[in-house]
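Below is one structure; the comments refer to it alone.
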Amino acid sequence: MTSSPTLVTGATGLVGNNVVRQLLGRGRGVRVLARDGADPRPLAGLDVEIFRGDILRPETLSPACSGAGAVIHAAGYVHLGRTGLALQRAVNVEGTRNVARAARRAGARMIHISSCDAAGIGPVGAPADEDTPLADPRGCTYAISKREAEQAVREEIGKGLDAVIVNPGFMLGPWDWKPSSGRMLLEVARGRGLLAPRGWFSVCDVRDVASGIISAAERGARGRRYLMAGENTTYLAAWRLFARVTGGRRPWMTAGPAMLFLAGRGGDLAARLSGRESDVNSAAIAYARLPKNYTSRRAREELGYASRPFEETVCDAWAWLKDNGYA
């Protein structure tokens with residue numbers, strides 16, 4: 001990474017805000033792309049240069065990218081469900097294409113923050129790596145859009161873009177202003193997680209991922225993908241840890257197939273009636289049941305990525321949520 005400033009998109013979100021703070025902590029110059037009306041709290045008191053714009057408005061990206069040494073693209077739209085593919089494609093695919101094109105024209109290196117949902121899956125004894133074939137997305141529009149977004153970046157790499165792709169696992173940690181993934185922790189704390197979904201997922205600390213992203217900007221290989229995961233665990237085990245840390249009611253068990261089927265169909269019906277899909281829907285439930293176990297070996301060996309203990313991450317995330325009035 002050069003002495004030129006780094007542009008961060010999605011700087012008010014969980015990943016982007018942690019990246020911004022770590023860059024500033026290392027004495028780097030930071031620019032952020034922020035929409036008009038964005039929540040001012042995440043950037044309050046931070047020594048950053050703010051460019052007003054939107055990844056869906058290409059004309060606002062060129063000024064922000066001009067003179068930047070690197071562009072860390074963390075902006076995106078996240079909703080695990082069966083609906084909203086057009087919106088997911090607009091933001092996650094076309095928005096990414098716009099950023100990649102602007103970075104290429106500016107001669108800046110791009111770090112695209114993708115997701116493990118754009119990678120393959122693997123069982124406990126054989127976790128997936130960057131070369132594992134993709135699995136059926138089970139109708140999950142977010143997974144579909146993130147895979148297509150990576151393809152958009154690869155197309156720009158073919159035109160000369162210097163880019164690296166990072167695939168984080170499920171992230172928890174401080175500076176979760178929305179909150180985003182912290183909502184799962186809050187729901188368990190409120191006693192709403194008595195029956196956990198089936199399936200596995202990989203939980204990591206957003207601070208470790210942010211550090212890995214900066215390392216990818218500094219020495220990641222052009223065109224390379226890096227999985228940045230953490231502890232591979234079941235939802236039931238994770239939720240029981242969440243309950244112990246937060247003092248919430250301990251989950252009883254994993255929901256059975258019939259209950260999951262009814263919950264998913266009920267969520268789909270509610271979405272059709274209301275026009276708004278909740279987090280409980282058939283696509284999210286089906287996708288959660290996949291064995292999403294990952295290895296971060298490549299990121300460890302090439303970037304020095306390391307993940308801290310799972311319980312430490314949960315404790316720190318919960319402390320931040322409490323300190324900032326979310327719990």
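The values are calculated or read from the model by the stated rules, or taken from the named source; none is laboratory data. Here the structure is a predicted model, which is why all the values come from computation and not from measurement. Note that we place each Cβ from the backbone using ideal geometry, even for glycine, and neighbour counts take in every protein chain shown.
For the reader, a short list of remarks on this structure follows.
- Considering only residues in the range 27-50 that are free of Cβ contacts under 8 Å to residues at least 24 places away in the same chain and assigned to a strand (DSSP E or B), the one that is surrounded by the most Cβ atoms within 10 Å (Cβ to Cβ) turns out to be A34.
- Filter result (surrounded by fewer than 17 Cβ atoms within 10 Å (Cβ to Cβ) and in a helix (DSSP H, G or I)) within the range 250-269: P257, A258, M259, F261, L262, R265, G266, L269
- Condition check for A229 on (1) under 24 Å from I111 (Cα atoms); (2) free of Cβ contacts under 8 Å to residues at least 60 places away in the same chain; (3) of a type in the set (G, A, S): one failure, at (2).
- Failed criterion for G53 (all others in (1) crowded, with 19+ Cβ neighbours inside 10 Å; (2) in contact (Cβ under 8 Å) with a residue 24 or more places away in the chain; (3) over 17 Å from V166 (Cα atoms) hold): (2)
- Residue list for the range 128-156, filter: assigned to a loop (DSSP other than H, G, I, E, B), in contact (Cβ under 8 Å) with a residue 40 or more places away in the chain and either under 13 Å from Y287 (Cα atoms) or hydroxyl-bearing (S, T, Y) (or both): A135, P137, R138, G139, C140
- The number of residues in the range 79-88 that are part of a helix (DSSP H, G or I) and either crowded, with 19+ Cβ neighbours inside 10 Å or touching a strand residue (DSSP E or B) at 6+ places or on another chain (Cβ under 9 Å) (or both) comes to 1.
- Yes/no for E155 being among the acidic types (D, E) and out of contact with any strand residue (DSSP E or B) (no Cβ under 6 Å at 6 or more places or on another chain): yes
- Subset tally (residues that are part of a helix (DSSP H, G or I) and surrounded by fewer than 19 Cβ atoms within 10 Å (Cβ to Cβ)) for the range 92-127: 2
- From the list M259, M228, M253, the one residue that fits, being within 19 Å of V78 (Cβ to Cβ) and touching a strand residue (DSSP E or B) at 6+ places or on another chain (Cβ under 9 Å), is M228.
Quick grid of which residues meet (1) closer than 27 Å to P168 by Cα; (2) among the β-branched types (V, I, T):
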residue	(1), (2)
T246	yes, yes
S274	no, no
E277	yes, no
Y294	yes, no
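- Of all residues in the range 270-327, those being part of a helix (DSSP H, G or I), in contact with a Leu (Cβ under 8 Å, 6 or more places away or on another chain) and loosely packed, with under 14 Cβ neighbours inside 10 Å number 1.
- The lone exception for G169 - which of (1) in contact with a Cys (Cβ under 8 Å, 6 or more places away or on another chain); (2) surrounded by fewer than 19 Cβ atoms within 10 Å (Cβ to Cβ) it fails: (2)
- The single residue among H79, H73 that is closer than 25 Å to A221 by Cα and not charged (D, E, K, R) turns out to be H73.
- With respect to the conditions (1) small (G, A, S); (2) at pLDDT 85 or above; (3) in contact with a Gly (Cβ under 9 Å, 6 or more places away or on another chain), G267 lacks only one, and its number is (2).
- The residue that is nearest to the chain's Cα centre (by Cα), counting only those in the range 197-232 that are closer than 28 Å to A68 by Cα, of a type in the set (K, R) and in a loop (DSSP other than H, G, I, E, B), is R224.
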